[in-house]
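> One structure coming up, written as structure tokens, with questions to follow.
The values are calculated or read from the model by the stated rules, or taken from the named source; none is laboratory data. As the structure is a computational prediction, the values presented were derived from the model and not from experiment. Here the Cβ is made from the backbone with ideal geometry for all residues, glycine too, and neighbour counts use every protein chain on show. Surface areas here come from the heavy atoms of the whole protein model, side chains and all, with no ligands, DNA or RNA. Shrake-Rupley method; radii C 1.70, N 1.55, O 1.52, S 1.80 Å.
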Amino acid sequence: MIKDIWEWIQHVNSSHRKLRLSCSVFAEHFNGFYSPDFLKTAFFVVTDEIPKPNFPQLREAGLGDFIDMDVGGITYNDTYYVKKEAANNLRLHFHELVHVLQWRELAPQGFIERYIQEIQSFGYDNAPLEKMAYALDGHYQSKGRHLSVEQFVRENL
Ligand SMILES: [Zn+2]
């Protein structure tokens, strides 16, 4: 199933390639948190509808609520999708960029496997990958001190 999800994700990303924007546009906003070199390698797509993998096997695995959850954004490897209403929400962009780094560190199949397992074991709100992203976006939002998110994710996964 992991392989099917990864194939679906690659399809979603390649079909949005022309619409995606580089996260370099956030270089100034995220200065001191994300390096310009990293931001160049991450992308986002503003969309009316967040693409979700509606696989029966995922529902059978207990991820139905997650699939149906109304979210402002979702990250698939190096690209995240944000709803039009949330497109100017810097905190959300910051959050999704944490996931881009997690995908990179764990590699796609590793991320997918771990994310599913965490949702099953802890639920969305308590999934460690989510808690890390929420802690970091909260730190940014509250104007916390500069820190390399790239390094933080590497050291805390
Ligand atoms: Zn998240």
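> Quick check: anything in segment 59-66 farther than 21 Å from Tyr140 by Cα and touching a residue at least 60 places away in the same chain (Cβ under 8 Å)?
Yes, segment 59-66 has at least one match.
> Next up: What residue, of Asp125, Asp65, is open to solvent by 60 Å² or more (accessible area, probe 1.4 Å), over 20 Å from Val25 (Cβ atoms) and within 12 Å of the ligand (Cβ to nearest atom)?
Sole residue among the options that is open to solvent by 60 Å² or more (accessible area, probe 1.4 Å), over 20 Å from Val25 (Cβ atoms) and within 12 Å of the ligand (Cβ to nearest atom): Asp125.
> Does Phe55 satisfy the condition of being more than 13 Å from the ligand (Cβ to nearest atom), in contact with a helix residue (DSSP H, G or I) (Cβ under 8 Å, 6 or more places away or on another chain) and either at pLDDT below 95 or within 28 Å of Glu28 (Cβ to Cβ) (or both)?
In short, yes.
> Of the numbered conditions (1) assigned to a loop (DSSP other than H, G, I, E, B); (2) in contact with a Leu (Cβ under 6 Å, 6 or more places away or on another chain); (3) surrounded by 15 or more Cβ atoms within 10 Å (Cβ to Cβ), Pro51 fails exactly one; give the number of that condition.
(2)
> Which one of Glu150, Glu60 is away from the ligand (no atom under 11 Å from the Cβ), open to solvent by 10 Å² or more (accessible area, probe 1.4 Å) and in contact with a Ser or Thr (Cβ under 7 Å, 6 or more places away or on another chain)?
Glu150
> Kindly check whether there is at least one residue in segment 104-121 that is basic (Lys, Arg), in a loop (DSSP other than H, G, I, E, B) and more than 19 Å from Cys23 (Cβ to Cβ).
For segment 104-121, residues basic (Lys, Arg), in a loop (DSSP other than H, G, I, E, B) and more than 19 Å from Cys23 (Cβ to Cβ): absent.
> Right, Asn156: open to solvent by 10 Å² or more (accessible area, probe 1.4 Å), more than 13 Å from the ligand (Cβ to nearest atom) and free of Cβ contacts under 8 Å to residues at least 60 places away in the same chain or not?
Against the criterion (open to solvent by 10 Å² or more (accessible area, probe 1.4 Å), more than 13 Å from the ligand (Cβ to nearest atom) and free of Cβ contacts under 8 Å to residues at least 60 places away in the same chain), Asn156 qualifies.
> Shifting gears a bit: Would you pick out the residues in segment 79-105 that are open to solvent by 20 Å² or more (accessible area, probe 1.4 Å) and within 12 Å of the ligand (Cβ to nearest atom)?
Arg91, Leu92
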